Amino acid sequence: MNLKTASNSVPPAEPRNEQRNYCIGLCLALVLTVIAFGLVWLKMVSGTQALAVLGVLALVQVVVHLRFFLHIDLGKSHRDDLMLILFTSLILLLIVLGTIWILWDQHARMM
Amino acid sequence: MNAPQPLHPGVNLDVTDRKSHEKASEVIFGFWIFLMSDLVLFAALFATYAAMSTQGIAQGPAPSEVFDLGSAFIETLLLLLSSFTFGFAILAMKYSTSRLRLLAWLGVTAVLGAAFVAFELHDYYVMIVNNDAWPQTSGFLSAYYLLTGTHAVHVSAGILWMIVLAVQVMTLGTNPLVKLRLLRLALFWHMLDIVWVGIFTFVYLFGVAA
């Protein structure tokens, strides 16, 4: 391994820091997953309300994954990737909402 | 080159391997573009599923009759844990001088991934045997098998890819090329877990709760 540049620049805290990041991500994701499944198991949500609550939980969990597993943050050096992700999210939103809207409308007209 | 700069999101190799790090930003950004276009594919499948699962049930079973939440929960845990262990594989690659630790974490990840695929195939089997829920039964089931099947195929491809890279680590060692390949596979694997968050929420949980 190429360690010649490393000998004096590795702060001993860093590996531990990065490990901790993954552990935080795992814990948060576990908590969010258990809440989502718990709500449905205990029949505490239903219908449109379920869609909203579960949707928000999923969104938070996606952000947790992006932050702690994929390490996307708002730092300056990551702007390109952040732009790429935000732009793709916009496209995804258009595809999903557009499809649902149009097909729903078609369905209503055919009833 | 003074203070190491993070060149790309994700684990940067700067502190332990400058040479790999300098080549990383380009290939990793390119891989992000692939990942995002892959997500567009999944978005189209999700949209189809959203329309089909409410309007395409026909004479077949409804989502709440065929889904087994317990099994979906186990699959979620398996995939989440595998994402976590892959993170540790990458850290082992970055900091540890022995290949064994990297290979061990990769092995754990592959086994968890394989268990996930096995559970999913078992789900399909149970659905078909108990509910006669074939893909051709209704639009809802076609869309369901297409969406979850595409995801399972991605996971299986990821496992194959992991085996190939494990062989490369054993034969070529952790040279810069192999390291960058592993970094990209890690991104792919984490992204599949994100897609699964969408699947377990909108397919399984919302299917049962609605």
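The values are calculated or read from the model by the stated rules, or taken from the named source; none is laboratory data. As the structure is a computational prediction, the values presented were derived from the model and not from experiment. Quick reminder, even Gly has a Cβ in these numbers, built from the backbone with ideal geometry, and neighbours come from all protein chains shown.
Given the condition within 14 Å of the chain's Cα centre (by Cα), under 23 Å from B:D193 (Cα atoms) and assigned to a helix (DSSP H, G or I), answer yes or no: does some residue in the stretch A:70-84 qualify? Yes, the conditions are met somewhere in the stretch A:70-84. Residues that are outside any helix (DSSP H, G or I) and more than 22 Å from the chain's Cα centre (by Cα) were ranked within the stretch B:8-54; the one that is surrounded by the fewest Cβ atoms within 10 Å (Cβ to Cβ) is B:V15. Looking only at the stretch B:90-149, residues that are under 20 Å from the mean Cα position of the chain (by Cα) and over 30 Å from B:D14 (Cβ atoms) come to 19 in all. Residues in the stretch B:89-139 that are surrounded by 14 or more Cβ atoms within 10 Å (Cβ to Cβ), within 14 Å of another protein chain (Cβ to nearest Cβ) and aliphatic (A, V, I, L, M): B:A89, B:I90, B:L91, B:A92, B:M93, B:L102, B:V108, B:L112. You will find that of B:T48, B:T16, the residue that is facing chain A (nearest Cβ under 9 Å), in contact with a Phe, Trp or Tyr (Cβ under 8 Å, 6 or more places away or on another chain) and among the polar types (S, T, N, Q) is B:T16 and no other. Cβ-Cβ distances below 6 Å connect the following pairs, each with a first residue in the stretch B:167-183 that is surrounded by 15 or more Cβ atoms within 10 Å (Cβ to Cβ), a second residue that is part of a helix (DSSP H, G or I) and not aliphatic (A, V, I, L, M), and a separation of six or more residues or different chains: B:V169/B:R99; B:P176/B:K19; B:P176/B:S20; B:V178/B:Q168; B:K179/B:S20.
Within the stretch A:32-52, the residues that satisfy the criterion of being surrounded by fewer than 19 Cβ atoms within 10 Å (Cβ to Cβ) and β-branched (V, I, T) are A:V34, A:I35, A:T48. Of the residues making up the stretch B:50-81, those that are closer than 13 Å to B:T201 by Cα and of a type in the set (A, V, I, L, M) are B:A50, B:L69, B:A72. With respect to the conditions (1) farther than 30 Å from B:Q59 by Cα; (2) at pLDDT below 95, B:F86 lacks only one, and its number is (2).
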